[in-house]
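Engineer: Here you go, one structure.
The values are calculated or read from the model by the stated rules, or taken from the named source; none is laboratory data. In this text the structure is predicted, and so the values were computed from the model without any measurement. Here the Cβ positions follow ideal geometry from the backbone for every residue, glycine too, while neighbour counts run over all protein chains shown. Note: areas computed on protein heavy atoms with side chains; ligands, DNA, RNA excluded. Shrake-Rupley method; radii C 1.70, N 1.55, O 1.52, S 1.80 Å.
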Amino acid sequence: MSITLDSPLDMHLHLRDGEMLSTVAPLSAKTFSGAIIMPNLVPPISTKEELLSYKARILEATKGHTFKPYMTLFFKPTYTKEFLESLQDELIAIKLYPAGITTNSEGGVAGFDVEELRPTLTAMSELNIPLCVHGETNGFVMDREAEFVSIYEMLATNFPKLKIIMEHITTKESVEALDRFENLYATITLHHLLITLDDVAGGMLQPHLFCKPIAKRPEDREALRKVAFEGHPKVMFGSDSAPHPQHAKESCGCAAGVFTAPIAIQVLTELFVKFSTIEKLQAFLSDNAQKIYSNITIPKKQISLEEKTFLVPNKYSNVVPLYAGETINYSILEIEGD
Ligand code: DOR
Ligand code: ZN
């Protein structure tokens, strides 16, 4: 029996630039209808020119595929309403990073002084531009996300009309916050549905599973699985597929990021089938996102999968994917509309 999914969306994706962009972008563009593209390049995307030229490079790298890159800006508290208005047609959201919290985030927000953030966040509310947030403090690594919940609450109450997306949530505390505030939403990655810290560091250290936020405890994974598997309307799939060259992962000072783009839909299918909730995958993978990001247009694509083994390549160019060299149990049967 085959499984069919309509217009899959990846609401959090790193495509990088240059050669890496050419390697990874077609892999997402083949199976997904569209993706929200993270702005943490060096330097981060923070001007209209940078955004438009990055978009053009992505379109060039994905030529021949039915795929829409939804572009983001790197949050700065100095963006004016006029500036954002001039970009409104090209912009899906703005991504806020706490300063120094992850890859290329040095220019992010230091301290969360609501008055400093107010002008830009007010303009975003008025223009209906969602705020995507990497929600971690600089506290103890296992507690960073839970500690950040109070900042989400501050943002959600001060800017009740602003749609706030808690990106790549990994804890039960974030899941609980979802239902407390009408304007909080979340993305969940594939890897955080699959692994806990035990898989990363419980045996031999696994650099290809090291990411930010780091995978947490079994009860956190349970909380994530619960909302993903029930198709919770405020939760969307965002892979956070974050490629780094093999030498940057298998090194002293391992870069954070799990590269899942080429196998994400197949493994999600396997997981949702395994937990007898495959009928909810369409909501998690596309429908919820379409409702939350209410003004996006999505290219039509239909992907069919079958239960058939697929040997995951050891590498895509110089990037090692999740499950490299291992067998997964679902394969792509057909893609219509690509
Ligand atoms: O693991 C991660 N990698 N987490 C992030 O927040 C950033 C990403 C990257 O850009 O490499
Ligand atoms: Zn990310």
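Engineer: Return a yes/no flag: does segment 164-178 have any residue that is open to solvent by 40 Å² or more (accessible area, probe 1.4 Å), outside any loop (DSSP other than H, G, I, E, B) and within 16 Å of ligand 1 (Cβ to nearest atom).
Structural biologist: No, segment 164-178 contains no residue that is open to solvent by 40 Å² or more (accessible area, probe 1.4 Å), outside any loop (DSSP other than H, G, I, E, B) and within 16 Å of ligand 1 (Cβ to nearest atom).
Engineer: Taking the stated definitions as given, is residue 136 closer than 21 Å to residue 12 by Cα, among the charged types (D, E, K, R) and in contact with a Cys (Cβ under 7 Å, 6 or more places away or on another chain)?
Structural biologist: Considered against the rule, which asks whether it is closer than 21 Å to residue 12 by Cα, among the charged types (D, E, K, R) and in contact with a Cys (Cβ under 7 Å, 6 or more places away or on another chain), residue 136 comes out as no.
Engineer: Has segment 77-89 got at least one residue that is within 13 Å of ligand 1 (Cβ to nearest atom), of a type in the set (Ser, Thr, Tyr) and on the phi < 0 side of the Ramachandran plot?
Structural biologist: No, there is no match, as no residue in segment 77-89 is within 13 Å of ligand 1 (Cβ to nearest atom), of a type in the set (Ser, Thr, Tyr) and on the phi < 0 side of the Ramachandran plot.
Engineer: I would also like to ask the following. Please find, within segment 86-106, the residue that is most open to solvent (accessible area, probe 1.4 Å) out of those that are in contact with a Gly (Cβ under 9 Å, 6 or more places away or on another chain) and more than 14 Å from ligand 2 (Cβ to nearest atom).
Structural biologist: In this case the residue turns out to be 106.
Engineer: To continue, here is another question. Mind checking which residues of segment 112-128 are over 18 Å from residue 99 (Cβ atoms) and either open to solvent by less than 10 Å² (accessible area, probe 1.4 Å) or within 16 Å of ligand 2 (Cβ to nearest atom) (or both)?
Structural biologist: Hits for segment 112-128 are 123, 124.
Engineer: I'd like to verify a number: residues in segment 1-25 that are surrounded by fewer than 16 Cβ atoms within 10 Å (Cβ to Cβ) and away from ligand 2 (no atom under 16 Å from the Cβ), how many?
Structural biologist: 5
Engineer: Among the helices (runs of 4 or more DSSP H) lying completely within segment 246-292, list those that include at least 2 residues that are within 16 Å of ligand 1 (Cβ to nearest atom).
Structural biologist: 246-249
Engineer: Right, here's the next one. Here are some residues: 213, 233, 299. Which one is open to solvent by 50 Å² or more (accessible area, probe 1.4 Å), farther than 23 Å from residue 19 by Cα and in a loop (DSSP other than H, G, I, E, B)?
Structural biologist: Only one candidate passes the filter, namely 233.
Engineer: Could you list, in sequence order, all residues of segment 60-85 that are crowded, with 18+ Cβ neighbours inside 10 Å and under 21 Å from residue 138 (Cβ atoms)?
Structural biologist: Of all residues in segment 60-85, those crowded, with 18+ Cβ neighbours inside 10 Å come to 61-62, 65-75, 79, 84.
Selection gives 74, 75.
Engineer: Next question. Please find, among 101, 36, 94, the residue that is under 17 Å from the mean Cα position of the chain (by Cα), outside any helix (DSSP H, G or I) and free of Cβ contacts under 8 Å to residues at least 40 places away in the same chain.
Structural biologist: After ruling out the rest, the residue left standing is 94.
Engineer: Is segment 144-154 home to any residue that is open to solvent by 10 Å² or more (accessible area, probe 1.4 Å) and farther than 30 Å from residue 119 by Cα?
Structural biologist: no
Engineer: Right, another one. Just for segment 306-338: of the residues that are outside any loop (DSSP other than H, G, I, E, B), of a type in the set (A, V, I, L, M) and out of contact with any Lys or Arg (no Cβ under 9 Å at 6 or more places or on another chain), which one is surrounded by the most Cβ atoms within 10 Å (Cβ to Cβ)?
Structural biologist: Here the answer is 328.
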